[in-house]
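A.B. asks: Below are the structure tokens for one structure; questions will follow.
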Amino acid sequence: MSVHASNPKKITTHTLLEMKQAGQKISMLTAYDYSMAKIVDEANIDVILVGDSASNVMAGHETTLPITLDQMIYHASSVVRAVKRSLVVVDMPFGSYQGNSKEALSSAIKIMKESGGHAVKMEGGQEILDSIKRILTAGIPVMGHLGLTPQSIYKFGTYVVRAKEDEEAQRLIEDAKALEEVGCFAIVLEKIPAALAAKVAQMISIPVIGIGAGNGVDGQVLVIHDMLGINNEFNPRFLRKYNNLHAHMLKAFQDYKNDVQSGDFPNASESY
Ligand code: KIV
């Protein structure tokens, strides 16, 4: 019997661990608003990530850096109102946890109190362990995020695949072990070689969710706008598009405009 069948109710961090132990893959998608989250939850996606990618896909910023704690809370609370089953993980935005563990704790508490989310996600390894530890002491579950960490884009200078060289790969392995040891319930690995991601997933006991990290991990995450094909200008190798909403939406908007212009809309049955 699958973990899903035995636990049709809410997904918890414990469910994800059981899924890893049972060899069942974990599905995760981002969502930032009520209407999308309602459909994602209805589709039984295990984890909804209120990603700071909202900064890109919702607000049109070039990077994830500008989004604020209050803006993340706005998105997260909209998502939480829609969800019956999925675990809702909320990204801690840039500047809300680095360097000062007390500030990190108060940011995480604000997210949990004001959004109703179930866990937070933080980018980084050993350099943020103090912040993670302090947040965990408050009983807030933490998901780690290693590999390509978009909040550090100005340090990397590029969005290319990370940890291809031995030294960086070794550091990533050490970071993953440290995140497991400190008590993170799962880790996202972004844009690293598939073999390295598979090695990490075998090496640690907590679930490893990949994006651009191959198929040897415990689950997958995609940004919802990307997998729906809303942005037709973003086509990285790791992205599988499950729809071409850009084309469908464009056609719908053009059809509507034509109907308004021609006077076809509204017709008699659409009028009072
Ligand atoms: O913000 C986000 O959407 C993310 C995913 C890419 C994992 O962190």
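A.B. asks: Residues of segment 257-272 being surrounded by 12 or more Cβ atoms within 10 Å (Cβ to Cβ) and either of a type in the set (G, A, S) or outside any loop (DSSP other than H, G, I, E, B) (or both), which ones?
C.D. replies: Listed by number, the list holds a single entry, D259.
A.B. asks: Another question, then. Has segment 58-65 got any residue that is in the same structural domain as M112 (by TED's automatic domain parsing), under 22 Å from I153 (Cβ atoms) and part of a helix (DSSP H, G or I)?
C.D. replies: no
A.B. asks: Which residues, taken from segment 209-235, are over 22 Å from V89 (Cα atoms) and aliphatic (A, V, I, L, M)?
C.D. replies: I230
A.B. asks: Considering only residues of segment 183-200 that are open to solvent by 10 Å² or more (accessible area, probe 1.4 Å) and touching a strand residue (DSSP E or B) at 6+ places or on another chain (Cβ under 6 Å), which is farthest from the ligand (Cβ to nearest atom)?
C.D. replies: Among those that are open to solvent by 10 Å² or more (accessible area, probe 1.4 Å) and touching a strand residue (DSSP E or B) at 6+ places or on another chain (Cβ under 6 Å), it is K191.
A.B. asks: Regarding segment 124-133, can at least one residue be identified that is in a strand (DSSP E or B), crowded, with 21+ Cβ neighbours inside 10 Å and assigned by TED's automatic domain parsing to the domain that holds A194?
C.D. replies: Among the residues of segment 124-133, not one is in a strand (DSSP E or B), crowded, with 21+ Cβ neighbours inside 10 Å and assigned by TED's automatic domain parsing to the domain that holds A194, which makes the answer no.
A.B. asks: Ok, one more. Please find, among G99, G144, the residue that is within 16 Å of the ligand (Cβ to nearest atom), assigned by TED's automatic domain parsing to the domain that holds D218 and either touching a His at 6+ places or on another chain (Cβ under 9 Å) or not aliphatic (A, V, I, L, M) (or both).
C.D. replies: When all the criteria are applied, what remains is G144.
A.B. asks: Identify all residues within segment 217-234 that are out of contact with any Lys or Arg (no Cβ under 8 Å at 6 or more places or on another chain) and part of a loop (DSSP other than H, G, I, E, B); write none if there are none.
C.D. replies: V217, V223, I230, N231, N232, E233, F234
A.B. asks: Further question: If L49 satisfies every condition in (1) buried (at least 22 other Cβ atoms within 10 Å of the Cβ); (2) within 15 Å of the ligand (Cβ to nearest atom); (3) in a loop (DSSP other than H, G, I, E, B) but one, which is the exception?
C.D. replies: All conditions pass for L49, except number (3).
A.B. asks: Which residue, of A76, A163, A108, A82, is open to solvent by less than 60 Å² (accessible area, probe 1.4 Å) and over 18 Å from the mean Cα position of the chain (by Cα)?
C.D. replies: A163
A.B. asks: State yes or no: is Q254 loosely packed, with under 10 Cβ neighbours inside 10 Å and out of contact with any Cys (no Cβ under 6 Å at 6 or more places or on another chain)?
C.D. replies: The answer is no for Q254.
A.B. asks: While we're here: Could you check segment 85-105 and list, in sequence order, the residues that are of a type outside the set (A, V, I, L, M, F, W, C) and either in a helix (DSSP H, G or I) or open to solvent by less than 20 Å² (accessible area, probe 1.4 Å) (or both)?
C.D. replies: Result: S86, D91, P93, S96, Y97, S101, K102, E103.
A.B. asks: Check V40, V88 and return the single one that is touching a residue at least 60 places away in the same chain (Cβ under 8 Å), of a type outside the set (G, A, S), in the same structural domain as I211 (by TED's automatic domain parsing) and closer than 24 Å to G229 by Cα.
C.D. replies: V40
A.B. asks: Which one is farthest from A176 (Cα to Cα), of the residues in segment 208-237 that are open to solvent by 60 Å² or more (accessible area, probe 1.4 Å) and in contact (Cβ under 8 Å) with a residue 12 or more places away in the chain?
C.D. replies: Once the filter is applied, the top-ranked residue is N232.
The values are calculated or read from the model by the stated rules, or taken from the named source; none is laboratory data. Fair warning: this is a prediction, and the values are worked out from it, not measured in the lab. All Cβ positions, glycine included, derive from the backbone under ideal geometry; neighbour counts span all protein chains shown. Protein only, heavy atoms only, side chains kept; ligands, DNA and RNA dropped before computing areas. Shrake-Rupley method; radii C 1.70, N 1.55, O 1.52, S 1.80 Å.
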